[in-house]
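Student: After the structure tokens below, expect a handful of questions from me.
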Amino acid sequence: MEIEREQGIKEKLYIYLLEKREETGIAKASAISNSNPIDPAISSGSIGPTSAVLYTMAVLIGIGLPLLFIFIKDLLNDKISTKQDIVEQSNIPVIGEVSHFKAKNKTIIATNSRGIIAEQFRLLRTNLQYFLPNLEIGKGVILITSTMKGEGKTFVSMNLGSILSLTGKKTIILEFDLRKPRVSKLLGIENEIGISSYLTGNHKLEDLIKPIENSENFWILSSGPVPPNPAELLLNNKINILFSELSNIYDYIIIDTPPIGIVSDARILAKFCDINFYIVRQRFTLKSQMEFIDTLYSKKVLQNMALIVNDVVNDGTNSYYGYGKENYIYGGYYGYAYGYGYYDDSKNEISWIKKFLNRKKNS
């Protein structure tokens with residue numbers, strides 16, 4: 001019985017091993033491919049891109065990516081950047097250009113100022129002879145406006161008035177931005193009474209006019225208290241008397257108005273003016289607004305109209321003329337070395353590091 005028991009155990013073990021061998025053979029036959037290579041693989045040495053391919057790719061990427069970036073940037077730019085943006089969309093003459101002004105305070109040009117900003121306003125003063133019909137007698141009423149706030153009406157008004165007064169002509173600036181007056185605030189002049197007081201009360205005109213400190217032949221008639229109805233106030237009959245009396249006293253009358261694209265004040269005052277200056281600011285005024293400006297010109301809403309381009313950058317790729325001010329002489333500018341060194345108010349030479357940082361900032 002022991003022999004039979006051992007025989008049964010070994011028989012069962014033998015049968016189990018035979019089953020496992022068959023299962024393993026079947027699994028091996030299904031996993032191993034029966035294909036054979038015809039020709040063996042041969043190596044030809046190093047494998048990879050050649051130097052010529054790498055250099056070609058580097059050149060294409062180095063040129064293509066900047067061009068793509070410039071194209072997309074120009075495509076998305078909706079502001080006036082170059083003179084071509086104005087010429088293509090408008091027939092209005094450009095009477096002058098004012099460079100980027102870095103000073104925080106909107107100061108006016110002093111008597112002995114010889115900086116590039118002062119020279120640009122002197123050039124603007126000279127160009128007036130082509131627009132003012134009565135320049136030979138040295139008189140004129142000049143209105144200054146723009147499409148929206150922040151384009152530089154107040155800055156141009158103050159400095160144009162200052163540069164005209166330096167010729168010995170009696171000049172007055174009228175702060176007709178009755179809603180948000182800024183001229184008197186920047187000049188540090190009290191504004192308790194002014195134009196609104198004259199038009200609504202019995203104030204005498206000579207009591208409202210104030211001289212501008214440190215400026216000869218230059219006065220200001222401030223706006224006065226902000227009225228509840230500025231547009232209707234300008235339709236007052238006393239405004240005709242106002243301009244009549246001022247014309248008998250002063251040679252040049254500068255009118256600082258609110259934006260014509262927002263309110264109608266400038267349209268009302270335009271009939272009293274000999275010339276209307278429209279301020280366009282580089283990198284600020286929208287290209288779409290040029291159509292509105294050109295409509296004002298073509299329909300003669302503003303008679304004898306001319307553009308002044310403000311905040312012009314003449315350096316870097318974003319320059320107004322597309323190249324640096326070192327090469328720019330046209331239009332009354334005197335070049336980088338002449339304007340910044342000999343002909344500027346400051347005699348300190350700018351280091352190349354500051355020039356590089358300023359160029360990066362402007363671009």
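Student: In this model, which of Lys73/Lys180; Lys83/Lys169; Lys169/Lys204; Lys79/Lys185; Lys73/Lys299; Lys169/Lys210 are farther than 25 Å apart at the alpha-carbon?
Tutor: Check vs 25 Å cut-off fails for Lys73/Lys180; Lys83/Lys169; Lys79/Lys185; Lys73/Lys299.
Student: Remind me, relative contact order of segment 170-316 in percent, using alpha carbon pairs under 8 angstrom and six or more residues apart?
Tutor: Numbers: 200 pairs, mean separation 37.3, N = 147.
Once divided by the residue count of segment 170-316, the mean separation gives 25 percent.
Student: On to the next question. Test of understanding: what is the full-extension gain from Gln89 to Ile3, defined as 0.36 nm times their sequence separation minus their Cα-Cα distance? It would help to have the intermediate numbers written out before the result.
Tutor: On the way: separation 86, 0.36 × 86 = 30.96 nm, distance 11.55 nm.
In short, 19.4 nm is gained.
Student: Quick one: accessible area per residue over segment 250-314, 1.4 Å probe, rounded to a whole number of Å²?
Tutor: For segment 250-314, the solvent-accessible area averages 33 Å² per residue.
Student: Roughly how many Å is it from the Cα centre of segment 165-214 to that of segment 1-20, as a whole number?
Tutor: Each part reduced to its Cα centre gives a spacing of 124 Å.
Student: Still on this structure, I have one more. Ordering Ser298, Ser162 by accessible area with a probe of 1.4 Å, largest first, what comes out? Walk me through the numbers before you get to the answer.
Tutor: Values: Ser298 80, Ser162 0 Å².
Order by accessible area, largest first: Ser298, Ser162.
Student: What does the C-alpha gyration tensor say about the overall shape of segment 164-296? Classify as rounded when a/c is under 1.5, otherwise prolate if a/b is larger than b/c, or oblate.
Tutor: Verdict is prolate for segment 164-296.
Student: Also, quick follow-up: Could you work out what % of the accessible surface of segment 1-69 is carbon and sulfur, using a 1.4 angstrom probe and leaving DNA, RNA and ligands out of the count?
Tutor: The value for segment 1-69 is 66 percent carbon and sulfur by accessible area.
Student: Compute, for segment 200-261, the length of the dipole vector about the Cα centre, with Cβ point charges of +1 (Lys, Arg) and -1 (Asp, Glu) only. Units Debye, rounded to 20.
Tutor: Values: 3 positive and 8 negative charges, 44 e Å.
Dipole magnitude for segment 200-261 comes out near 200 debye.
Student: For Lys169 and Ser298, what is the calculated FRET efficiency with R₀ set at 35 Å and r taken between the beta-carbons, to the nearest 0.05?
Tutor: 0.60
Student: Identify all aspartates and glutamates with a Cα-Cα distance to Lys170 below 13 Å; exclude those on the same chain that are fewer than 8 residues away in sequence.
Tutor: Partners within reach: Glu216, Asp251.
Student: Just to make sure I understand: if all protein chains stay in place, what is the order of Ser35, Ser247 by accessible area at 1.4 Å, largest first?
Tutor: On the way: Ser35 85, Ser247 45 Å².
The most accessible residue leads, giving Ser35, Ser247.
Student: May I ask you to evaluate 6.51 cos²θ - 1.76 cosθ + 1.60, the Karplus curve with θ = phi - 60°, for each residue of segment 82-95 and list the ³J(HN,Hα) values in order in whole Hz, giving x for glycine and proline?
Tutor: Listing the rounded values in order: 10, 5, 5, 4, 7, 5, 5, 10, 8, 9, 6, x, 9, 8 Hz.
Student: Also, quick follow-up: Roughly speaking, what is the stretch gain from Glu232 to Lys10, that is 0.36 nm per residue apart minus the C-alpha to C-alpha distance, in nm to one decimal?
Tutor: That pair, Glu232 and Lys10, stretches by 67.8 nm at full extension.
Student: Going from most exposed to least, what order do Leu67, Leu160, Leu123 have by accessible area with a 1.4 Å probe?
Tutor: On the way: Leu67 105, Leu160 0, Leu123 55 Å².
So, going from the largest accessible area down, we get Leu67, Leu123, Leu160.
Student: Can you send over the solvent-accessible area of Val87, 1.4 Å probe, protein chains only, in Å² to the nearest 10?
Tutor: Roll a 1.4 Å probe over it and Val87 shows about 80 Å².
Student: Also, quick follow-up: For Leu54, what accessible area in Å² do you get when you roll a 1.4 Å probe over the heavy atoms of the protein chains, rounding to the nearest 10?
Tutor: Here the residue's solvent-accessible area equals roughly 90 Å².
Student: Going by the alpha-carbon gyration tensor, a ≥ b ≥ c the square roots of its eigenvalues, is segment 227-313 rounded (a/c under 1.5) or, if a/c is not under 1.5, prolate (a/b greater than b/c) versus oblate?
Tutor: Judged from the Cα gyration tensor, segment 227-313 comes out prolate (a/c at least 1.5, a/b above b/c).
The values are calculated or read from the model by the stated rules, or taken from the named source; none is laboratory data. Since the model is a prediction, treat every value here as computed from it, not as a measurement. Positions of Cβ are backbone-derived with ideal geometry, glycine not excepted, and every protein chain shown enters the neighbour counts. To get the accessible areas, we keep the full protein, side chains included, count just its heavy atoms, and leave off ligands, DNA and RNA. Shrake-Rupley method; radii C 1.70, N 1.55, O 1.52, S 1.80 Å.
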